[in-house]
1. Taking G74, is it assigned by TED's automatic domain parsing to the domain that holds V152, more than 19 Å from I128 (Cα to Cα) and modelled with pLDDT under 80?
2. Return yes or no: is L153 within 10 Å of V84 (Cβ to Cβ) and in contact (Cβ under 8 Å) with a residue 60 or more places away in the chain?
3. Please go through segment 94-148 and give me each residue that is surrounded by fewer than 12 Cβ atoms within 10 Å (Cβ to Cβ) and of a type in the set (S, T, Y), ordered by number.
Amino acid sequence: MAKKMSVDLDLVKKLAELLADSDLSEIEIEEEDTRIRLARGSVSVSAPVQMAAPALALATAAAPAPTADAAAGGSPEAISGDPVTSPMVGTAYLSPSPDADPFVKVGDTVKKGQTVLIVEAMKTMNQIAAPRNGKIANVRVEDGQPVEFGEVLLTLE
């Protein structure tokens, strides 16, 4: 017989609020045989099979904030060229330091692997490289702008 498990919904709500109010991309807690993990865009509860339905009901608690594209009324179809997307939630920086020139500008030609910008996540500066040779068609983020996973940072022609 499967062991019945109860989930503290108040705890889940508090964790979801903490996730929404912070720069965290996920929170995970584990106690005895119960593990609760909330991540922007998903929720998982490790438990016996009967917990699958409550986990689906909780998914709305950690829904991601709308991306800049959605807020601006844009859509992925409106993007011309090949998009370079953010591999993580963080803060986009267009130059290596505040007083330095940007890595790239619209019209610049880039080579595959060349750093085009930085996304800071958890105090780590992650260089975002051009996925292929091309020309910068547009830069869709501003320096210091928070970005979401999958958000279009710039496009290549």
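The values are calculated or read from the model by the stated rules, or taken from the named source; none is laboratory data. These numbers come from a predicted model, not from an experiment. No Cβ is skipped: glycine too gets one built from the backbone with ideal geometry, and neighbour counts run over all protein chains shown.
1. yes
2. yes
3. Across segment 94-148, the qualifying residues are S97, T124.
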